[in-house]
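What follows is one structure encoded as structure tokens, with my remarks underneath.
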Amino acid sequence: MSDRFDMVALGELLIDFTVNGESAQGNSIFEANPGGAPCNVLAMLRKLHKTCAFIGKVGDDMFGRLLRGAGEQAGINMDALLIDRDARTTLAFVQTLAGGDRDFSFYRNPGADMMLHADELPLERIENARIFHFGTLSMTHEGVREATMKAVEAAKRSGAIISFDPNLRPPLWESLEEAKAQIGWGLAHSDVVKIADNEVEFMTGETDFDRGAEILRGDYPNLKLLNITAGADGSYSYYEDKHCYVPGVKLGGTIETTGAGDTFCACVLNFVLERGLEGLTEADLADMLRFANTAAYLVTTRKGAIRSMPEKEQVEELVKSYW
């Protein structure tokens with residue numbers, strides 16, 4: 001019998017190259033930060049002392065080896081990380097804009113993460129997860145999309161909670177219509193969703209979060225807990241007939257926002273693992289969002305993602321002093 005994990009995640013594992021100063025010749029120096037949204041979520045959950053495993057594929061190259069090592073160093077079980085001998089590890093070059101937002105340039109044509117096939121899935125591991133988490137970067141191409149859907153269906157049959165983050169990256173899709181269709185599939189098969197403000201507008205046409213949430217919950221009545229992130233402005237949570245808003249932490253010092261949404265997502269899932277999805281109150285939602293917003297803020301004061309997650313005690317101390 002496979003080990004039982006608090007959470008298993010499937011998806012992309014890649015290198016985020018971020019600018020870190022200039023050389024003596026005036027050339028930009030890029031720092032190779034291990035990343036990829038699903039594994040970022042797992043890295044934060046490990047900081048919260050939960051057991052985690054990752055499923056994905058990297059290239060047989062220096063970056064693939066770096067990523068395996070970073071995952072293992074973070075305490076994530078990487079036994080189901082496969083090596084592709086033909087495709088290279090996916091790379092993303094990240095330009096940080098004013099205010100800490102980002103613009104991505106992906107080198108993924110193809111990237112090894114796209115080459116995961118359904119017959120390579122460790123189904124026993126998936127079936128022994130308390131939570132199964134995925135995003136849409138593993139749904140941009142047919143082969144890995146089939147693998148993702150098969151994994152979600154196996155997790156759902158086993159009684160796992162299904163968590164989904166749309167993580168919209170327009171350059172990686174053949175069309176935005178296809179992106180919308182696949183995000184819709186993810187929403188229709190999930191219990192817990194973390195969705196960003198721009199993704200709410202993309203899916204509903206609404207910039208009003210309450211109205212956008214109403215549309216999403218009407219279209220996807222399976223959603224038990226819907227959380228909307230609005231960057232530095234804070235976050236919103238919708239559960240049954242309850243909703244809650246908590247502002248972001250305003251202490252300054254933001255360097256970049258890479259990994260902030262994933263950190264928030266991990267903290268929400270940690271709350272679900274500890275509290276469950278039954279009988280939540282508005283006070284529960286507020287506590288959940290305060291902790292998640294605080295952890296996400298701490299990540300914005302550091303570079304990178306997997307190796308930048310705060311310790312549980314750091315988050316708790318700031319929650320006590322700030323709120």
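Table for the structure above
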{"item": "Simple label model, 7 Å out from Cα along Cβ direction - Asp284 to Thr301, nm", "result": "3.1 nm"}
{"item": "Helical mean residue ellipticity (222 nm; -39500 (n - 2.57) per DSSP H run of 4+; nearest 500) of the chain", "result": "-12000 deg cm²/dmol"}
{"item": "Unit Cα scatterers, Debye sum, the stretch 139-209: log10 I(q)/I(0) for q = 0.14, 0.16, 0.22 Å⁻¹", "result": "-0.45, -0.59, -1.02"}
{"item": "Set of the stretch 281-301 residues, backbone N closer than 20 Å to the point 7 Å along the Cα-Cβ line of Glu31", "result": "295-301"}
{"item": "Debye, to nearest 20: dipole size of the stretch 111-184, +1 on Lys, Arg Cβ, -1 on Asp, Glu Cβ", "result": "340 debye"}
{"item": "At most 10 other Cβ within 10 Å, DSSP loop - trypsin sites (Lys or Arg not before Pro), the stretch 72-170", "result": "Arg85"}
{"item": "Kirkwood-Stokes translational diffusion coefficient of the stretch 1-96, alpha-carbon pairs, 25 °C, 0.890 mPa s, µm²/s", "result": "173 µm²/s"}
{"item": "Å³ per residue enclosed by the Cα convex hull of the stretch 218-260", "result": "85 Å³"}
{"item": "All lysines inside 29 Å of Lys180 as judged from Cα atoms, apart from same-chain residues fewer than 8 positions distant", "result": "Lys57, Lys150, Lys156, Lys194, Lys224, Lys242"}
{"item": "Linear extension gain, Lys250 paired with Ser23, 0.36 nm per residue minus alpha-carbon span", "result": "78.4 nm"}
{"item": "Dipole in debye (nearest 20) - the chain, about Cα centre, beta carbon charges: Lys, Arg +1; Asp, Glu -1", "result": "680 debye"}
{"item": "Gain upon complete extension [Leu66, Glu311; 0.36 nm per residue less C-alpha separation]", "result": "86.0 nm"}
{"item": "Part-to-part distance (alpha-carbon centres) for the stretch 122-199 and the stretch 204-256, which is given in Å", "result": "19 Å"}
{"item": "Length-normalised contact order for the chain - Cα pairs under 8 Å, 6+ apart - percent", "result": "17 percent"}
{"item": "Stokes-Einstein D in µm²/s, Kirkwood radius over Cα pairs - the stretch 172-284 at 20 °C with 1.002 mPa s viscosity", "result": "143 µm²/s"}
{"item": "Relative contact order [Cα under 8 Å, 6+ residues apart], the stretch 200-323, whole percent", "result": "22 percent"}
{"item": "Glu177 versus Phe104: modelled label distance in nm, points set 7 Å from Cα along the beta carbon direction", "result": "2.4 nm"}
{"item": "With at most 13 neighbouring Cβ atoms within 10 Å, loop GluC sites (Glu not before Pro) (DSSP) excluded, longest segment of the chain", "result": "1-173"}
{"item": "Rg in Å to one decimal, and Dmax rounded to a whole Å, for the stretch 80-159 via C-alpha atoms", "result": "15.2, 45"}
{"item": "Extended-chain gain in nm, criterion 0.36 nm per residue less alpha-carbon gap, Ser158 and Glu124", "result": "11.3 nm"}
{"item": "Scaled radius of gyration (Cα, divided by 2.2 N^0.38 Å) that the stretch 1-160 gives", "result": "1.07"}
{"item": "Those trypsin sites (Lys or Arg not before Pro) in the stretch 222-292 that DSSP places in a loop and that have at most 13 other beta carbons within 10 Å", "result": "Lys250"}
{"item": "For the chain, share of DSSP beta bridges that run antiparallel, in % to the nearest 5", "result": "40 percent"}
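Quick note: the coordinates plus some simple rules give every number you see, no bench work behind them. Note that the structure is a prediction, hence the values are computed from the model and not measured. Cβ: placed from backbone, ideal geometry, glycine included. Neighbour counts: every protein chain shown.
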